[in-house]
Every structure is written in structure tokens, then in C-alpha cells.
Amino acid sequence: AHPDKVARMHVDVGTGLLDFQARDLVRRTGIGGQLQVDLGSVLVNLYKLAQQYDARAAEINPLVQLSDGKLLAADCRVTVDDYGIFRHKDLGIEIAREYDRPPTALEKIAYKVEANDYRGTFYFIQMAEGFEGGQGYVGFHGAGGGGSMMSMDAIMRQGYKLATFVDTSGNTPASKVYRAAGIVLATGPIDGYFGSGSGVASQEQFHSARGLVKAFLEQQIDVPVVVRLGGNSEDRAVEILEWLNGWVPAPVEGYKKDNPPDYCAARLHALIQEGTRVEPQNKARPQVVGEPRLYQFQTVTGGTVTFDHAVCATCDSKVCVQECAPKILACNEEGLPVLNISAEEARKGRCSECLACEVDCFFHGAGGGQVLLPIPGLDEYLAV
């Protein structure tokens, strides 16, 4: 109503907001005298607070003057940058997410995954805590905010409710997608698993595919799966995802960017209605002579990569070496997979946890590779 009473200024982040600058800012609104001085002090202190706590926004509204002349912040909101929370343990913020309720146990577990792994994004919201099965819930797993919301609408138009909202994007490693899928499956009974994001993602989609395959294979998922893996290397990603068919009790379908979310959601609905189940295959490990010969190294998120060289010796494809994304594996003199970097380099992040040494090894090798990726707190949650 009074644009002439609004004053703005840019603050030099090197020097901060100085007293004389704050007083001048107040003066330009038409306020003088002691109130100008007092308001200037409030602005300086507010800026210092925002800077100290990595705030994305700091606002006092309203600021009131009491009858004795003192100023009081009747309401003040400070939004701390999610990625600055770890520096401010004194704030007691357990989970850097903007919920309208206390976080659930699974949301806390999911946030620990995100907090301990800077690569890509894993955003998890439990839409229905403690629900009973048979109520038409679907586990939703997206990639990319806008595309995920469009895909959520598509599955809801089929008459389903969402058990979860998940976003794994920003070049998320396969290991984070695996952990995300494991947490989705821990939410409770669901009728299906629907994955669909933007459809034009720049990240390599086969990493997401391997993460999902590992989770679904381990848990022997028994509800239909439809995942739209649109983006870079989508052909390869869909191929990897559909390796699961015949190895898990439920049907698995992968789609690409040219398949709209509504089509994919309709396919999930059709599979749920059909209720098809298969007797999964059991892959027998090759017969080896003698005891296991374990070759191991650690990964950046506390995982362990293990090769049983007794099994690897029976493998002709050496697919683990061929498909290793960071190219840190090589065959030694015996033709067995080993690191071509130091174990310390692998632990510090050179191993990208692409999961090829387990997933591709299972389907196209001898099965000697395994990646153990703990999800802190999940076993305890499921045991309750």
C-alpha cells in the first residue's frame, strides 16, 4: 500500500551488514530518532543470525514496539539450509526436512542414508504410516520432482493411494536407489511398486535399474513392478530391470521416455488385477573345490564388496570387470577380479557402488560377486 516506505539494499557477504548501513536503510523508510537506531541494531543482529546458522531465509513479521519503547519480535521464522544442518547440532534438528508433523521412524532411517551420502538426492516421505494391506496402496518411487508429481497423479487416477513418495535423482548411485527401494518395501503391505520420473533424466538410468534389481531380488518382491526409466541409456536400463522376470514371484515391466506415465500406471493396474505369480528360479552356485576364497574391500558408505575367488575361477565372462562403471577392477594373473587401485582409494569413493559386480555377475557370470550395503536402523525397525 505504501511502496515509498519500502527500502532495500544488497549486503556484502564479506563485511556483513554494518551498523551505519542498517541505520541508513531504516532512515530511507522515513523512520528517525532512537527508533532508527534500535531498528538498525535488530537488522544487524538478524543478519548475523542468518549468517551464523546458514539460513536460506530469516524473517521477523511482525516486529512490534512496546509501550516502553522496546522492540519485540512477535514472530520470527528462520529457514536453515538443509545442507548446513550438520554444522549446527546445537539446534537439535534430527531430520532436515520440512514436515508438517514429527518424522516417522522410516523417515528418520531414510534421512540417515541421505545425510551420509552426498551423491545425488534421496527424498523419502511416508504417506501412510501403519496402514493395513488390501487397501489399494502403491509404493511410489520417482526421479525428478516435477515428473514424479505427474506420475503420482497418473497412479492415483487408477484409483490407488500412495504409501510413499520417493525421489532419487541428481545422478544418484545405484547403492542409494537400492537403499531407497529397501525402505519403500519396509513401509508395509502394498499392491504394487510404481517407479516413474521425468522421463528425460540426464543420469545414466542403468544405475537406477541395478539398484532396483538388487533390492527386488533380495526381497523376492511378490507384487507387480512397473518402472519408467526414461533418460540416458534407457534401453540398457530396461533390459537390466527385466532380467528379474522369472527370478522373483511377481511380473516386472520396464518402460522408456516415450511411454507416458498414464500408460505405465495403467499397466501396473492391469498387472495387479491379473494377480499373476510365478515360481521363481533358484540359481545354484557352481560346484567348487575347497573352501571359499574371499577377496574383499570397503566402499564409501560402509558397504563391503566380496568376490569368492573359488567361484570366480569358474566364470568365463568376467562380466564384473567389463561392466565396472569406474573401471577399478582388473583380472590378476589367475584371471580373478581384483582392484587395480588401492583398497583405501576404493573406500574413499573410487568405488562408485554401481553394483554391476553383483547384479551382472548374478545374471551373466558365475555368481561370485556380492555387495553388502547396510541400511542403519532398518533391521531393528523390521524386527519390532
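The values are calculated or read from the model by the stated rules, or taken from the named source; none is laboratory data. Predicted model only: the values in this text are computed from it and were never measured. Positions of Cβ are generated from backbone atoms using ideal geometry, with glycine treated the same way; all protein chains shown enter the neighbour counts. With ligands, DNA and RNA removed, areas are computed over all heavy atoms of the protein, side chains included. Shrake-Rupley method; radii C 1.70, N 1.55, O 1.52, S 1.80 Å.
Taking every residue in segment 31-46 that is over 17 Å from residue 5 (Cα atoms) and pairing it with any residue that is buried (at least 17 other Cβ atoms within 10 Å of the Cβ), at least 6 positions away or on another chain, the pairs with Cβ-Cβ distances below 6 Å are 44/17; 44/22; 46/58.
Checked across segment 234-243, the condition of being more than 18 Å from residue 169 (Cα to Cα), of a type in the set (Val, Ile, Thr) and surrounded by 21 or more Cβ atoms within 10 Å (Cβ to Cβ) holds for at least one residue.
Inspect segment 91-99 for any residue being open to solvent by 50 Å² or more (accessible area, probe 1.4 Å) and among the basic types (Lys, Arg) and give the result as yes or no. Scanning segment 91-99, I find no residue that is open to solvent by 50 Å² or more (accessible area, probe 1.4 Å) and among the basic types (Lys, Arg), so the answer is no. Contact map, segment 1-13: residues that are modelled with pLDDT under 90 and among the charged types (D, E, K, R) paired with residues that are open to solvent by less than 100 Å² (accessible area, probe 1.4 Å) and not in a loop (DSSP other than H, G, I, E, B), Cβ distance under 6 Å, separation 6+ or inter-chain. No pairs are found. Scan segment 39-51 for residues that are of a type outside the set (A, V, I, L, M, F, W, C) and in contact with a helix residue (DSSP H, G or I) (Cβ under 9 Å, 6 or more places away or on another chain) and the total you get is 3. When we screen 211, 231 for residues that are open to solvent by less than 40 Å² (accessible area, probe 1.4 Å) and touching a strand residue (DSSP E or B) at 6+ places or on another chain (Cβ under 7 Å), the only hit is 231.
For segment 357-384, residues that are in a helix (DSSP H, G or I), under 19 Å from residue 114 (Cα atoms) and among the β-branched types (Val, Ile, Thr) total 0.
Go through segment 334-356 and give me each residue that's acidic (Asp, Glu) and in a helix (DSSP H, G or I). Even if it seems obvious, please write down each step before you answer.
Of segment 334-356, the ones acidic (Asp, Glu) are 334, 344-345, 353.
Answer for segment 334-356, where residues must be acidic (Asp, Glu) and in a helix (DSSP H, G or I): 344, 345.
Kindly check whether there is at least one residue in segment 128-135 that is closer than 23 Å to residue 222 by Cβ, modelled with pLDDT under 95, open to solvent by less than 10 Å² (accessible area, probe 1.4 Å) and in contact with a Pro (Cβ under 7 Å, 6 or more places away or on another chain). No: zero hits. Report yes if residue 38 is in contact with a strand residue (DSSP E or B) (Cβ under 7 Å, 6 or more places away or on another chain) and closer than 26 Å to residue 114 by Cβ, otherwise no. The answer is no for residue 38.
Residues that are under 19 Å from the mean Cα position of the chain (by Cα) and hydroxyl-bearing (Ser, Thr, Tyr) within segment 335-379 comprise just one, 352. Residue 188 fulfils the conditions (1) open to solvent by 20 Å² or more (accessible area, probe 1.4 Å); (2) small (Gly, Ala, Ser); (3) assigned to a helix (DSSP H, G or I) except for a single criterion, (3). For segment 155-183, taking the residues that are within 11 Å of the chain's Cα centre (by Cα) and of a type in the set (Val, Ile, Thr), the one that is surrounded by the fewest Cβ atoms within 10 Å (Cβ to Cβ) is identified as 172. When residue 185 is tested against (1) out of contact with any helix residue (DSSP H, G or I) (no Cβ under 6 Å at 6 or more places or on another chain); (2) under 24 Å from residue 276 (Cα atoms), just one condition goes unmet, and that condition is (1).
Here residue 5 meets the list (1) touching a Ser or Thr at 6+ places or on another chain (Cβ under 8 Å); (2) open to solvent by 60 Å² or more (accessible area, probe 1.4 Å); (3) within 30 Å of residue 93 (Cβ to Cβ) almost entirely, failing just condition (3).
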